[in-house]
Amino acid sequence: MVQKLVLASNNPGKVREFQELLAPFHFQVIPQGELGIPAAEEPHQTFVENALAKARHASAASGLPALADDSGICAHALDGAPGVYSARYAGVDGDSAANNQKLIAALKGKADRGAHYVCALVMVNSANDPEPLIVQTRWYGQIIDEAKGSHGFGYDPHFLLPELGSTAAELEPSEKNLISHRGQALRELIAQLQSRA
């Protein structure tokens, strides 16, 4: 039986990844924009709090279970910046090229190029669900100056995976989904769902 699930995002890259990752588990992922639900405010300082706010907002507006993630990249030499501000690091319009340029400029002259993606994933059965499913995962790599690859989105072309010798944007989507922060979080969430069944 297919279960409808509202995704509290209109980011085309995220929507595509979640639809692919959740299809085997019989979830029909509906982006909130298709239901006329506006984006929630993201005033919090942590990924988990923002994801929970987004999930509750989408569920309240739709009357359906909702899934939200808050994710971003944390550069070690910048005390975790851009962090929760990753999508709007260079301004509110979420321009990936500008965000990447600002991150590279901030890292200029820094010896430590280590960084990690974070994904906080929250699923609620209802807007007031007292037991939301919450998962948070990390994906480690390094920031490089030159963009490489045409897959992925956001910071992927500059996120080098040293053990693979390629950036996240050079991976095929199916390969990325196996190892990414979002793929890890979703598998952990599914495991939690199965343990509750």
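Answer yes if at least one residue in the range 170-177 is buried (at least 17 other Cβ atoms within 10 Å of the Cβ) and at pLDDT 95 or above, and no otherwise.
yes
For the subset of the range 158-197 comprising residues that are part of a loop (DSSP other than H, G, I, E, B) and within 19 Å of the chain's Cα centre (by Cα), which member is nearest to ALA115 (Cα to Cα)?
SER180
Going residue by residue through the range 25-36, is there one that turns out to be among the acidic types (Asp, Glu) and surrounded by fewer than 21 Cβ atoms within 10 Å (Cβ to Cβ)?
yes
Quick grid of which residues meet (1) in contact with an Asp or Glu (Cβ under 9 Å, 6 or more places away or on another chain); (2) not charged (D, E, K, R):
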{"residue": "ALA105", "(1), (2)": "no, yes"}
{"residue": "LYS110", "(1), (2)": "no, no"}
{"residue": "MET123", "(1), (2)": "yes, yes"}
{"residue": "GLY152", "(1), (2)": "yes, yes"}
{"residue": "LEU186", "(1), (2)": "yes, yes"}
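Of the conditions (1) among the small types (Gly, Ala, Ser); (2) out of contact with any Lys or Arg (no Cβ under 7 Å at 6 or more places or on another chain); (3) in a helix (DSSP H, G or I), ALA115 clears all except one; give me its number.
With (1) among the small types (Gly, Ala, Ser); (2) out of contact with any Lys or Arg (no Cβ under 7 Å at 6 or more places or on another chain); (3) in a helix (DSSP H, G or I) applied to ALA115, the lone miss is (3).
For the structure I just gave you, tell me whether PRO38 is of a type outside the set (Asp, Glu), part of a loop (DSSP other than H, G, I, E, B) and closer than 28 Å to ILE143 by Cα.
No.
Which condition number does ALA39 fail, the rest of (1) touching a residue at least 24 places away in the same chain (Cβ under 8 Å); (2) crowded, with 18+ Cβ neighbours inside 10 Å being met?
(2)
This table checks each residue for (1) under 16 Å from the mean Cα position of the chain (by Cα); (2) in contact (Cβ under 8 Å) with a residue 24 or more places away in the chain.
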site	(1), (2)
VAL2	no, yes
ASN10	yes, yes
GLY13	yes, yes
GLN19	yes, no
LEU22	yes, yes
PHE25	no, yes
LEU35	no, yes
PRO43	no, no
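Return the residue satisfying two criteria in turn: it lies in the range 41-71 and is in a helix (DSSP H, G or I) and polar (S, T, N, Q), and of such residues it is farthest from ILE190 (Cα to Cα).
If we take residues in the range 41-71 being in a helix (DSSP H, G or I) and polar (S, T, N, Q), then SER62 is farthest from ILE190 (Cα to Cα).
Here's the yes/no breakdown for (1) surrounded by 16 or more Cβ atoms within 10 Å (Cβ to Cβ); (2) at pLDDT below 95; (3) aliphatic (A, V, I, L, M); (4) under 18 Å from ASN50 (Cβ atoms):
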position: ASP95; (1), (2), (3), (4): no, yes, no, no
position: ALA105; (1), (2), (3), (4): no, no, yes, no
position: ASP112; (1), (2), (3), (4): no, no, no, no
position: VAL118; (1), (2), (3), (4): yes, no, yes, yes
position: PRO130; (1), (2), (3), (4): no, no, no, no
position: TYR140; (1), (2), (3), (4): no, no, no, no
position: GLU146; (1), (2), (3), (4): no, no, no, no
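The values are calculated or read from the model by the stated rules, or taken from the named source; none is laboratory data. Not measured: the values here are computed from a predicted model. When we count neighbours, we look across all protein chains shown, and the Cβ atoms used for this are built from the backbone with ideal geometry, even at glycine.
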